[in-house]
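So the structure is just underneath, and the comments pick up after that.
The values are calculated or read from the model by the stated rules, or taken from the named source; none is laboratory data. Remember, predicted model here, so these are calculated numbers, not experimental data. Every residue, glycine as well, gets a Cβ built from its backbone with ideal geometry; the counts of neighbours run over all protein chains shown. Remember, those area values only see protein heavy atoms, side chains included, never the ligands or the DNA or RNA. Shrake-Rupley method; radii C 1.70, N 1.55, O 1.52, S 1.80 Å.
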Amino acid sequence: MASSSRNNKKYDVFVSFRGEETRDNFTSHLYSALCRQNIQTFIDHQLNRGDEISESLVNAIEASAISVIVFSEGYASSRWCLDELVKILECKKEYAQIVIPVFYRVDPSDVRNQTGSFGDSFSKLEERLKENTEKLRSWRKALKEAASLSGFHSLNIR
């Protein structure tokens with residue numbers, strides 16, 4: 001079932017990233033490179049961020065065969081990014097979506113264990129949401145799972 005459902009996917013690739021940090025450099029280069037190869041790529045160009053990820057974003061994740069997660073220092077300070085991550089991993093489990101983590105100037109072990117500067121970003125978010133232990137637990141689990149997948153690290157592309 002999973003392999004046949006991939007044929008009717010709207011996008012080849014969904015890119016999850018922290019906008020302020022990577023939008024104008026790494027992520028835009030990645031997007032351009034994918035488009036040059038005629039790879040249907042979804043990237044969220046909207047700067048307005050609410051508390052919840054929009055339904056259209058959830059639909060875009062579900063409609064993608066592959067998700068690329070660009071982990072950067074501030075990724076874990078965004079509830080939006082972390083909610084995207086949880087949804088991506090749900091799609092990996094339910095639809096066999098391929099998930100590729102990219103570690104942009106962060107160490108995979110820092111993402112996995114929420115340590116270093118990546119961990120500092122997560123701690124700030126944790127402080128603001130300490131009453132929501134269930135959500136924090138799901139984010140920690142998702143970060144650990146995603147950072148344990150094989151991906152690309154030491155990408156210090158300028």
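Listing for the model above:
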| quantity | calculated |
| --- | --- |
| Tally, over region 51-80, of residues that are free of Cβ contacts under 8 Å to residues at least 60 places away in the same chain, open to solvent by less than 10 Å² (accessible area, probe 1.4 Å) and touching a strand residue (DSSP E or B) at 6+ places or on another chain (Cβ under 7 Å) | 5 |
| Search result, residues across region 3-50 that are at pLDDT 80 or above, open to solvent by 100 Å² or more (accessible area, probe 1.4 Å) and either under 16 Å from the mean Cα position of the chain (by Cα) or of a type in the set (Val, Ile, Thr) (or both) | none |
| Selection status of VAL102, closer than 27 Å to LYS9 by Cα, open to solvent by less than 40 Å² (accessible area, probe 1.4 Å), out of contact with any Pro (no Cβ under 7 Å at 6 or more places or on another chain) and not small (Gly, Ala, Ser) | yes |
| The listed residue being assigned to a strand (DSSP E or B) and within 25 Å of LYS10 (Cβ to Cβ), out of ALA142, ALA60, ALA146, ALA65 | ALA65 |
